[in-house]
1. Relative contact order for the chain using alpha-carbon pairs under 8 Å, separation at least 6, rounded to a whole percent?
2. Run the helix sum for the chain: -39,500 (n - 2.57) per DSSP H stretch of 4+ residues, divided by residue count, reported at 222 nm to the nearest 500 deg cm²/dmol.
3. Can you work out the Karplus-derived ³J(HN,Hα) for every residue in the range 312-319? Use 6.51 cos²θ - 1.76 cosθ + 1.60 with θ = phi - 60°, whole Hz, and x for glycine or proline.
4. Using every Cα-Cα pair within the chain, state what percent have a distance larger than 43 Å.
5. Could you check the simple spin-label distance between residue 66 and residue 300, using points 7 Å along Cα→Cβ, in nm with one decimal?
6. According to the square roots a ≥ b ≥ c of the eigenvalues of the Cα gyration tensor, what is the shape class of the range 49-172, taking rounded for a/c under 1.5, prolate for a/b larger than b/c otherwise, and oblate for the remainder?
7. Taking amide H positions as placed 1.01 Å from N in the peptide plane, with prolines and chain starts having none, which residues 5 or more places from residue 128, or on another chain, fall under 5 Å of its amide H?
8. Amide H neighbours of residue 183 under 5 Å, at least 5 residues apart or on other chains, H built in the peptide plane: list them.
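Rule-based calculations on the coordinates, nothing more; no lab input. It should be emphasised that the depicted structure is a prediction, and the values quoted were computed from it without experimental measurement. Using ideal geometry, Cβ is built from the backbone for each residue, glycine included, and neighbour counts are taken over all protein chains shown.
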Amino acid sequence: VTSDPRVPANWPAPGPEALACSQRLVDRVLERLAVQRFLPFDDYMHEVLYAPGLGYYAGGSTKLGAAGDFVTAPEVSPLFGQSLAVQIARTLSACGSGAEVVEFGAGSGALAAAVLVELARRECLPAAYVIVEISPDLQARQRERLAALPDALARLVSWRATPPGPGLRGVILANEVLDAMAVARFVIAPEQGARRVLEEGVEAVPGAGACAPGEVGEWNATPGSRLQLSIQPARPWVRDAVARLEADLGRRLPPGYRSELAPRREAWLATVAECLEAGLMLLVDYGLAAPEYYAPDREDGTLLCHYRHRAHADALFLPGLQDITAWVDFSAVARQAVSSGLRVAGFTTQAGFLVGNEIDALAAEAFDAAQGEAERVLLSGALRRLLLPGEMGERFRVMALTRGDAGAPGGFDRPDLRHSLQGAGLEKG
Ligand SMILES: C[S@@+](CC[C@H](N)C(=O)[O-])C[C@H]1O[C@@H](n2cnc3c(N)ncnc32)[C@H](O)[C@@H]1O
C-alpha cells in the first residue's frame, strides 16, 4: 500500500529512489517545456523511455519478467527462441560461412540464450551473435546472463549501442522492439482545412516548477503530475502523413478519431535495412495491417502503458517508471522495407510462425525431458501463452524481410497475411 496519491492504493508502490528518479525526469521534461511550451507526444515518449540514466529503458528498473512490468515471449519460454532458431538455422546455412545474427533490443538476454543453445544443438552456430542494445542497464544484465552460457557460445556474443555498418550476411532479429519506439499521436477535429488534423503533446501544469534537489514531491490534486496532455494543430509532417494514410485506406478518418504514427520505426528500419547485404530480418511484435490498425472502431488508438503488470492508458503516470508502447502498423513497416529494397517474404501470426517452425516437436522433446509433473504443467501453460489466439498467438505478428538469395523463410503460409498489407507498395517488392 502506498501513500503516494499518484499510485492507486492497490498497486505496488515504487521505492523512494525510483520516485526521485521519476521526479528528476519530470524536471528534465519541464526544462524543455520552459523553452518550447508544448512537447509533441513522440518527443515526450522518447524522453521518458530513453533519457540517459533516467528513462524507463535507460534506467535501472527491472522491466521484464514477473518482478518487472511486463512479460515478453522469450521470458515465457525458451521454446519461442528455439522455434525461431529453426528458421535462423536455414538462413545461416543459405548464407554460408561468416553469416551472423544481429539481435536488436535483447531485453534480459533470454532470446539470445535460447537461440544460441538451439543453433549449437543443430550444429549451425553463426560466426558472431551481435546484440544492439541502447540501454546500458539492459546491456549489463544481458552480459551477466549470457556469460553463464558454455564458453563456445558466450564468446560469440558481442554488444554495440548502434546498428552495425553495411555488409551483414545472416539474420537480424527484433522481438518487441518496434513497439518500444516513440509514436506521435494525432486527433481528427471536426474542422476542415489546416485545423482538421491536430496532435497531442505535453505541457506544464500552470504553476508547476522544478523540484528542488532531494525534494520528494508535492503532488497536485489530479493524480498525475506537473505535466498535462494538450492538443495543438499538427506539425506539417503529421498532417501529410495522415493525408497519405487516408489516401491508402481510401477513406477519411472521422472527427474525434485518435491514433498514432511511428516515423521513428520507419527511420530505424531504413537504417537497419542498409546493414543487410543478404539474408533475413525477422520482426515480431503486436500489431496489425493498416486497415485494421486504423479501423473506424479503434477510435482511441493502441497506446498502452505497463506498470508492474497493470495495463492502463495514462502516459503521464510515473514517467520513467512505466513502459509505454503502441501497436505496430505493419503496412507502414512493409512500405518502408520495400522502399529500402527489401522483400516482404512473409507476414503471419506468431502461432502460425511457431507451428510452422517445429514448436510441436520442440515442445514434445521438452515434455520428455521435464523433471516431474510441475515442470510439465509450466511447459503446457507457456505453450498456451505463446500459441492461443486470446494470448500471444494472434495479437503478435511475425514479418520476414529478405534481401538476396537466402531462400524463402518457412512458417509463413498458415496463414499468409501478406494480402492484408495491401497498399503498402508490395507490388514493387
Ligand atoms: C519491450 S523490450 C523487448 C526486449 C526483448 N526483445 C524481449 O523480447 O524480451 C524493448 C527493447 O528494445 C530496445 N530498443 C528500443 N529501441 C531500440 C533501438 N533503436 N535499437 C536497439 N534497441 C532498442 C529497448 O532498449 C529494449 O531492450
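1. On the way: 839 pairs, mean separation 85.1, N = 429.
For the chain, the relative contact order is 20 percent.
2. On the way: 14 runs with 153 residues, N = 429.
Dividing the helical sum by the residues of the chain leaves -11000 deg cm²/dmol.
3. 7, 10, 8, 5, 8, 5, 5, x
4. Values: 12277 of 91806 pairs.
Here the long-distance tail beyond 43 Å is 13 percent of all Cα pairs in the chain.
5. Simple spin-label model gives 3.2 nm for this pair.
6. In terms of gyration-tensor shape, prolate.
7. 101
8. Hits under the 5 Å cutoff: none.
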